[in-house]
Every structure is written in C-alpha cells, then in structure tokens.
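Presented below is the structure to which this report refers.
FYI, it's all coordinate maths here, none of it is from the lab. Bear in mind the structure is a predicted one, so any value in this text is a computation, not a measurement. Please note: Cβ atoms are built from the backbone with ideal geometry, for glycine as well, and neighbour counts cover all protein chains shown.
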Amino acid sequence: MQKAAKNHLQIHQMTIAQFEQLFPDEDHCKAYLTRNRWPDGVIRCPRCGNDKVWELPSRAHHWQCKQCAEQGYRFSVLVGTIFENTNKPLRDWFRVMHMMLTSKKGISALQIYRVMGFGSYNTAHLMCSKIRVALGNVEFKQLVGYVEVDETYVGGKAKNKHKDKRGGPPGASGQGTYGKTSVVGAISRKGNVVARVMDGTDAKTLNAFVREVVSHKVSLISTDEHGGYKYLSRDFPHGMVRHTSGEYVHGNIHTNTIEGFWSLVKRGIMGTFHKVSRKYLPLYVNEFQFRYNNRTNPDIFGTAIRAC
C-alpha cells in the first residue's frame, strides 16, 4: 500500500526558557490570561452583561459588578474558564498546556504526573481532559479549495485480544473494523482539518458530516471508494481513488493529506497514550486537530488560552 505523503507538523511554540521568562509567577500568568480574554479591558460583567464594572484596587485581577447582587458580584479572571475553582496554581495549568502543545504526538497524563510531581495521577488526567475539551471549542470555518474526506478506525485488533473479549461474528479474523471506533475527517490541502468521532460510516452519516464542514464553493472533494461517499457528487464536485484496485493518485484526486493526519493520530494514540477508550477518544481527536490547525500559528499558546 502506498504511503501517505509525509506531513511535516512544526509546532511554533515557546521554548522552556521562554516559558519560564514569560511566566515566572502566578501574577504574570493571570495578567496574560486577562490580556487574552479581554484585550480591550473588562468592560462587561461575565454574569449579567452589565457594562458598569469596577476593578478592585485591593485585589489584583478581580472586578466587581453591583447589578448582579445587593452586595455586589465579585469575579476574577478565572471565572467562566476551565481554571475556575481549581486548587492548582494557574502556572501549573499553563505548564501542562505548554507540554501538550509542544509534543507533536501528545504527552500522556502519566508523564505529566511524573514531571509535575502532582499528588495523584487523577489530577493530571483531569487537567489534560479539561484542556482537551477547551481545544475543541475553537470555531471552524467551512473548508474550501481541494478537500479530502476519509474515515479511519481506532482500536485494537480482535486477534490481539483474549478470545472471550473478541466479540463479533463467528470466525472473525480481527482484521476488519468490528469493535473499533470510527473517526471521520475532512481536510483542506495546505489548510485545516475537521475530525469527529462517529457512531458509524453509513452514507447518511458521512453526507451530513460533509455538508456541515465543507463549503459548496469547494473546488474538489477527494475520497476513496467507500460506498458512503457515492452520493456526494449530487452536491459537490467529487472524485474517487480506488485503493482496492491499487490506485492512490488520479490527477488531483487523492487522500494522502488526510491519511497523513490519521498517521499522526494513530502514532500518538499507540505510541504515547497506548490505549484510549471510546469515551475519551473525542477529546484526543480535539487535541490532534487543534495542534494540526495551528501548526504555523506563532501564537498557538495564546490561541489555546483564549479557548479555555
């Protein structure tokens, strides 16, 4: 099988020395969060929208709105973020996020637990999960130009499982997709990717996904010969490559770019995380999607903070 085109994913990110210089203490972290959340200053109450908000001179990075309550509603820069009500310093959150963003294939919660010296693995796992949820909140624009759509399946092969855990029909070899989780993605060449965990890859599901994430101004949609894509030509310029016949490129029609993204995801899951349950898989897909879409963003850390 022809290898997918190499995807040179370069993370434009702070070095450790730059991180330490930019965030030497908690106050600098809160100031950075304030600038990214409210670049024009805190002009409205996050609870009621009132524009009469006062900064508290006695408490840095705290404000007060007198419309929400008789005694006034006091809030900090952490309100409404994943950092709210945390018992960990904001600087710890920033360090965890920095490690996640600078690791091309991801970094496991176990490794973060060891590096950060947290009291429990669960602390690291919860922080990573919250960050991954936030990274999935970034709005996307519909894809245009030359777009590739493909599906992949994540999960161990049945033949590698204990016999009583294989499931599936009698005689199943484990080489197919039974028991695996399907992920569908669309990618614009030299652009962004949108990937989602799906319950299936039938025509209805795939067509609904494509209509949501791909613009009708698209120049071409390339797919393989999966039967779920056969109706795309009704609404989009659509071309297929027939992998089963040994065809991988036909003019401008190929799926090498999206296959390169899938290889990043699978290498990360197998090599870094080793095993990911279906429950948490969407969060890991969020992380890989965010890093890919911000691969040339010089302010990837600031973009991630604004998503939190």
Checking region 129-158 for chymotrypsin sites (Phe, Trp or Tyr not before Pro) in a loop per DSSP with at most 15 other beta-carbon atoms within 10 Å yields F140
Give me the number: length gained by fully extending S233 to R59, i.e. 0.36 nm times residue separation minus the C-alpha to C-alpha distance, one decimal in nm. 56.6 nm
Starting from 0.36 nm per residue, how many nanometres of slack lie between Q18 and E139 once their C-alpha separation is accounted for? 40.7 nm
Checked against the structure, the computed mean projected area of the Cα convex hull in nm² among (i) 20.4; (ii) 16.0; (iii) 13.8 is the one labelled (i)
May I ask what percent, to the nearest 5, of DSSP beta bridges between residues of region 181-308 are antiparallel? 75
Tell me, in nm to one decimal, what length is gained between S120 and Y153 on full extension, where the rule is 0.36 nm per residue of separation less the Cα-Cα distance? 8.7 nm
Globularity ratio of region 218-308, using Cα Rg and 2.2 N^0.38 Å: 1.36
Only Lys, Arg (+1) and Asp, Glu (-1) charged, at Cβ; the chain dipole about Cα centre in debye: 740
At 7 Å along the Cα-to-beta-carbon direction for both E84 and K66, put a label point, then send me their distance in nm to one decimal. 2.4
Rounded to the nearest 5, the percent of DSSP beta bridges in the chain running antiparallel is 75
Efficiency by 1/(1 + (r/R0)^6): what FRET value for K275 and D202, r their Cβ-Cβ distance, R0 = 25 Å, to the nearest 0.05? 0.40
At a Förster radius of 35 Å, what calculated FRET efficiency corresponds to the Cβ-Cβ distance of R295 and S215, to the nearest 0.05? 0.95
How about region 24-53: which trypsin sites (Lys or Arg not before Pro) there are in a DSSP loop, with at most 16 other Cβ atoms within 10 Å of their Cβ? R44, R47, K52
